[in-house]
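The values are calculated or read from the model by the stated rules, or taken from the named source; none is laboratory data. Keep in mind that this is a model prediction, so the values were computed, not measured. Heads up, the Cβs are rebuilt from the backbone with ideal geometry, glycines too, and the neighbour counts pull from every protein chain shown.
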Amino acid sequence: MSGIYIHVPYCKRKCHYCDFFSVEDARGMNEFANLILEELRLRKDYLPTEPIETVYFGGGTPSLLTADRIATMLNGIAKTFSISPLPEITLEANPDDLNPGYIRSLLDIGFNRLSLGVQSFDDNDLQQLGRRHNAKQATNAVDMASQLGFNNISIDLIYGLPYSSTNVWESNLRKAFRLPIQHLSCYHIIYEEGTPLQRKVFMGRVTPVDEAVSVEQFDLLHDLASQNGFIHYEISNLGKEGYFSRHNTAYWKQIPYLGLGPSAHSYNKTSRAWNPRSVDAWINAIKKGSIEAENELLSEKDILNEYLLTSLRTIWGIDNGYIAGTFGIDQANRIERVANKYMQLEILEKCDSNYRIKPKKFIVSDGVIADFLTE
């Protein structure tokens, strides 16, 4: 199996915390679909000859594109690759972009999963984050999508916000679990270099929350999710049984994917590639019939570290039998020594030949994973 990711870089305005590549002007938007088709033609051989299982439109704000333009890209993918009989096809959307006609069009052209950038159900949070929707629009968007036929809906929420509180975070979670959603992605706020929010921290106008508050809010997330039938299957992702993100799970299981559009990344087990972080550079390259993606061939060490880094983020963990067979008994012995250390600390647990971080301990995973990586 393989996946396709399409990065739609357009935004009406940049959110105060966001470091994803996006632009606030619409240059190239009218020809974006045709440019994606041309890039697809140029780069189709990057993937192995396996059916496409997942297609994901991320951004930026993909919901700024008309359904007709999105359908053009989906049709191009279907003509270029063999498509699985039951693919997962996801669109990221901003709540205030959705209306009944647009939702029906998405369903008609083949979308079966919607990922909504809610971030909070508190209007003060949303204003401070620079979001362009309000809490009522977020709730209405989820309800409308469900009523019109989407039965696989994910929402994003952010915690650890410096101007908010744990009470607001708990309220956000309880509101989320009352909605007809099947999946939840929750991220701790990050103060990305160069963003308006990071500049406020630098100037002393915003004070990051204490680590104890972050841990308290993470624990609330884990516990309330479990009480509502959601499985904490990856550090930042929780879903009902049968509704885990197949596209993101493919990333964590080292399944090949092709990234199209400005700044998109690709991976095919032997190399990693990334497109220019510029709309103009990407457009010019495509129009010249060239591929400007930078490419990195992966060494055995890179491949092992990629496996450790992604697998330890999940409830499936790492298979030390696979490591012994693929990378050698010395690596497996090293992994076992590190794992024993964290099992004694009750952070890690063993299931058959697999080691995994306990979901309740995902909050400390960065330091644990760093210990497993080989130099």
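Before moving on, here are some points about what is shown:
- Output for region 254-269, where each listed residue is in contact with a strand residue (DSSP E or B) (Cβ under 7 Å, 6 or more places away or on another chain) and closer than 19 Å to Glu300 by Cα: Ile255, Pro256, Ser266, Tyr267
- The single condition from (1) of a type outside the set (Asp, Glu); (2) surrounded by fewer than 20 Cβ atoms within 10 Å (Cβ to Cβ); (3) assigned to a loop (DSSP other than H, G, I, E, B) that Phe121 fails is (2).
- Qualifying residue in region 127-140 (condition: assigned to a helix (DSSP H, G or I), assigned by TED's automatic domain parsing to the domain that holds Pro196, surrounded by fewer than 16 Cβ atoms within 10 Å (Cβ to Cβ) and at pLDDT below 95): yes
- Here Ser154 fulfils each of the conditions (1) in a helix (DSSP H, G or I); (2) touching a residue at least 12 places away in the same chain (Cβ under 8 Å) apart from (1).
- Only a single item in (1) part of a helix (DSSP H, G or I); (2) at pLDDT below 95 is not met by Pro208, and it is number (1).
- Checking the stated criteria, His222 turns out not to satisfy the condition of being assigned to a helix (DSSP H, G or I), in the same structural domain as Ile181 (by TED's automatic domain parsing), under 20 Å from Ile77 (Cβ atoms) and at pLDDT 95 or above.
Every residue, every condition in (1) in contact with a strand residue (DSSP E or B) (Cβ under 7 Å, 6 or more places away or on another chain); (2) surrounded by fewer than 22 Cβ atoms within 10 Å (Cβ to Cβ); (3) outside the structural domain of Ser146 (by TED's automatic domain parsing), yes or no:
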| site | (1), (2), (3) |
| --- | --- |
| Val8 | yes, no, no |
| Asn34 | no, yes, no |
| Leu40 | yes, yes, no |
| Thr66 | no, yes, no |
| Pro95 | yes, no, no |
| Leu98 | no, no, no |
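- Complete set of residues in region 77-93 that are assigned to a helix (DSSP H, G or I) and surrounded by 20 or more Cβ atoms within 10 Å (Cβ to Cβ): Ile77
- Selected residue (criterion: farthest from Asp143 (Cα to Cα)) from residues of region 88-111 that are more than 17 Å from the chain's Cα centre (by Cα) and polar (S, T, N, Q): Ser105
- Check on Glu216, part of a loop (DSSP other than H, G, I, E, B), out of contact with any His (no Cβ under 6 Å at 6 or more places or on another chain), surrounded by fewer than 19 Cβ atoms within 10 Å (Cβ to Cβ) and in contact (Cβ under 8 Å) with a residue 12 or more places away in the chain: no
One line per residue, one yes/no per condition, for (1) more than 22 Å from the chain's Cα centre (by Cα); (2) modelled with pLDDT of 95 or more; (3) assigned to a helix (DSSP H, G or I); (4) surrounded by 14 or more Cβ atoms within 10 Å (Cβ to Cβ):
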| position | (1), (2), (3), (4) |
| --- | --- |
| Gly289 | yes, no, no, no |
| Lys301 | yes, yes, yes, no |
| Leu309 | no, yes, yes, yes |
| Thr326 | yes, yes, yes, yes |
| Ala332 | yes, yes, yes, yes |
| Ala339 | yes, yes, yes, yes |
| Val364 | no, no, yes, yes |
| Glu375 | yes, no, no, no |
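- Among the residues making up region 48-76, a single one is among the charged types (D, E, K, R), part of a helix (DSSP H, G or I) and within 23 Å of Ser154 (Cβ to Cβ): Arg69.
- Checking Tyr322 against (1) of a type in the set (Phe, Trp, Tyr); (2) surrounded by fewer than 15 Cβ atoms within 10 Å (Cβ to Cβ); (3) touching a residue at least 60 places away in the same chain (Cβ under 8 Å), the condition it does not meet: (3)
- Scanning region 231-273 for residues that are of a type in the set (A, V, I, L, M) and closer than 30 Å to Ile286 by Cβ turns up Ala250, Ile255, Leu258, Leu260, Ala264, Ala273.
- In region 234-265, the residues that are part of a strand (DSSP E or B), buried (at least 21 other Cβ atoms within 10 Å of the Cβ) and within 14 Å of the chain's Cα centre (by Cα): Glu234, Asn237, Leu238, Gly239, Tyr257, Gly259
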